[in-house]
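What follows is a single structure, written as structure tokens, with notes after it.
We did not get these values from a lab; they are worked out from the coordinates using the rules stated. Keep in mind that what you see is a predicted model, and the values were worked out from it rather than measured. Using ideal geometry, Cβ is built from the backbone for each residue, glycine included, and neighbour counts are taken over all protein chains shown.
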Amino acid sequence: MAYDAVAESLRLIESRELTPVRSLSRRRRHAAMAVDISDDVAVTMFARRSVGCNVEETHVFARHNGEWVTLGGGGGGALDDDALHERPAELPAGGRTSLGVDDPRILAMEGAGGILDGHHKRWWTTRGRWINYVLVRVNVDVAHLVLEGRQIAVPCHGRCVVAWPGRRAQRLSILGHDGRQLGQVRLDPLP
């Protein structure tokens with residue numbers, strides 16, 4: 001099955017639905033892993049079967065004149081064989097954890113990116129706006145992530161993408177299944 005990153009991303013942005021996929025194969029060559037939409041900014045994340053391994057890909061979009069426009073994206077590192085499996089009770093030791101989380105086995109930062117939206121110019125700037133995103137992994141205790149009042153559902157595998165426009169740091173709240181806050185993480189924009 002061919003993988004058209006833009007078409008699959010647009011389908012994911014419009015539906016906001018993730019279908020659980022446990023593994024990739026010759027027949028199933030990609031799977032939507034995560035999506036986050038912040039007003040007119042969206043970031044999607046996919047697992048894609050490559051040569052000898054599975055890789056993660058992220059794609060950044062912005063809405064201009066009523067249409068989603070691709071700003072960029074691409075492949076990240078290789079994914080573990082169990083990347084699409086159910087999330088664990090505890091995250092493995094050795095991952096990059098974040099300050100503000102009482103238990104480092106709850107959340108781990110797995111990457112970050114940013115891109116300039118040159119289409120979004122205003123009279124006070126000649127460059128456009130900056131769009132940030134981070135990739136996080138959470139354990140089974142986490143039900144939602146909250147950024148700027150926006151709830152981000154956690155998929156069964158626990159890998160999420162969180163997007164925001166601008167050059168200001170943000171606070172990401174981590175909520176359990178009972179609605180209790182498990183911690184907060186400061187998300188810094190990339191330079």
Criterion first (within 15 Å of residue 132 (Cα to Cα) and touching a helix residue (DSSP H, G or I) at 6+ places or on another chain (Cβ under 6 Å)) does residue 43 satisfy it? no
Only residues that are in a strand (DSSP E or B) and out of contact with any Asp or Glu (no Cβ under 9 Å at 6 or more places or on another chain): list them for region 70-82, please. 70, 72
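Please report, ordered by residue number, the strands (runs of 3 or more DSSP E) entirely within region 1-69 with at least 2 residues that are farther than 18 Å from residue 164 by Cα and among the aliphatic types (A, V, I, L, M).
In region 1-69, the matching strands (runs of 3 or more DSSP E) lie at 30-38.
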Those residues that are under 11 Å from the mean Cα position of the chain (by Cα), surrounded by fewer than 23 Cβ atoms within 10 Å (Cβ to Cβ) and over 17 Å from residue 146 (Cα atoms), I need them from region 16-45; list them, please. 32
Where in region 126-183 are there strands (runs of 3 or more DSSP E), lying wholly inside it, with at least 1 residues that are buried (at least 19 other Cβ atoms within 10 Å of the Cβ), among the hydroxyl-bearing types (Ser, Thr, Tyr) and over 13 Å from the mean Cα position of the chain (by Cα)? none
